[in-house]
Amino acid sequence: MGCGLRKLEDPDDSSPGKIFSTLKRPQVETKTDSAYEYVLLDFTLEASSNPEVIKISSVLDIVSKVEEYYNRGYVVGAVHPIILPIGRRRNFPASHMYRVVLSRLKLSQKHAAPRGQRHPRLVIEECPLMYETLTNEVVKELLEKVNEAAKRGKKFVGFVTQHFPQPKACNGTSTDGSAELESTLGKRNREHRRKNSDENYKNWNEGTLSGHSSESGIEEEMQGESSLLQDADFQFGKEVSPVKPRKGDEKLYTVFNVFDDDSTCWTYHEGVLSMKVTRKGPVISTLEADWLELTTFYYKQGLSLIDSFVHWETSKGDYLPKSLEGLFIYEEEGAGVPGSNRKGNDAIVVEQWTVIEGCEIKTDYGPLLHTLAEFGWLLTCVLPTPIVRHD
């Protein structure tokens, strides 16, 4: 992950990672009354030789895998793909990996855990996709449903997309030659998905947000395996035969922390996310965005950045440098509550490259996150960018 950032405050050369802030470094590294503890978990939809990566068959499985951490007072603060599955990148092993970040307030003699405290639950629900592509307008409609859910004690964590790869075939047959059987099963699966999609759409419009959820016990098996894409496919900055996602190949999930009491409510707002991208063929080679300037305005009003949405795909042959507009999603706590006194927040943005070998993450933002946790900084979101280097 990486992008170009226009910095309002030059980071110290000795600082870990690249921190962009309206605060000076001594202010960023000032001890406060609060400190946090973080746990970073990595999940994969495919088999992995790395014992530290947890195998799941669906994004929905994450709920059961983090339950023990919730019992210890942690909550999920961010869920994001390790690498954005765009074009042929869907065949990278890392494109089937997800990072989950959990946090809790670090307990001390001053801050003891209250007895009988009830912890929230993590809930992941499927959003029915009735459109070929997700656009800003579609996401705004989804955000309206999120706001309805927030009134019922659901705190939004973010949207997560899961890509289902198509089975590999040669001359119309699968690797074991069972083309006819595969075609029949594929047709049944499509009919099953269509039936579920219709039912989900009905539930979604009724505001129930429960077509498929982590509590439904429904799991969809991954069909086929993806292979490692050779570096030769990216020579001279070109992707070979970019794959256009077909309807039914992707599922969109909404992640919530659910609280039993409704004493706190949240409201979610969208903000404009403007950036400039340049491409080498279909591959995005550079990305420039004033992340800090875009977020500071909202943070000073007491809001927090929770998620973002950008449609990265491009039409064939449209590879000229251009401006893209996406959405930032901000959380406002206590909106509409009489007497609520919202305080402004300080914001810092960290740019960190993630170094990946197969399904093993060599370097990422983890160490810096643990360092900032000691100074009372709470992670609100992680935004993967589509910039990939092979050197």
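Among the residues of the range 55-83, the ones that are open to solvent by less than 50 Å² (accessible area, probe 1.4 Å) and either more than 26 Å from Lys154 (Cα to Cα) or of a type outside the set (Val, Ile, Thr) (or both) come to 13 in all.
Quick check on the range 250-281: of everything there that is open to solvent by less than 20 Å² (accessible area, probe 1.4 Å) and either of a type in the set (A, V, I, L, M) or over 18 Å from the mean Cα position of the chain (by Cα) (or both), which residue is modelled with the highest pLDDT? Looking at the filtered set, the residue picked out is Val255. Going by the structure shown, is Glu68 farther than 25 Å from Phe309 by Cα, acidic (Asp, Glu), at pLDDT 95 or above and not in a helix (DSSP H, G or I)? Considered against the rule, which asks whether it is farther than 25 Å from Phe309 by Cα, acidic (Asp, Glu), at pLDDT 95 or above and not in a helix (DSSP H, G or I), Glu68 comes out as no.
Sub-6 Å Cβ pairs linking a first residue in the range 125-145 that is open to solvent by 40 Å² or more (accessible area, probe 1.4 Å) to a second residue that is assigned to a helix (DSSP H, G or I), at least 6 apart or interchain, are Met130/Tyr201; Tyr131/Val138, ordered by first then second residue. Looking across Leu129, Leu143, one residue alone is at negative phi and in a loop (DSSP other than H, G, I, E, B). It is Leu129. Restricted to the range 351-372, and to residues there that are without any contact (Cβ under 8 Å) to a residue 60 or more places away in the chain and over 19 Å from the mean Cα position of the chain (by Cα), the residue that is surrounded by the fewest Cβ atoms within 10 Å (Cβ to Cβ) is Lys362. Of all the residues in the range 29-40, those that are touching a helix residue (DSSP H, G or I) at 6+ places or on another chain (Cβ under 7 Å) and either assigned to a loop (DSSP other than H, G, I, E, B) or open to solvent by less than 30 Å² (accessible area, probe 1.4 Å) (or both) number 3.
The values are calculated or read from the model by the stated rules, or taken from the named source; none is laboratory data. Not measured: the values here are computed from a predicted model. Neighbour counts run over all protein chains shown; Cβ positions are idealised from the backbone, glycine included. Ligands, DNA and RNA are stripped out before the accessible areas are found, and what is left, the full protein with its side chains, is counted by its heavy atoms. Shrake-Rupley method; radii C 1.70, N 1.55, O 1.52, S 1.80 Å.
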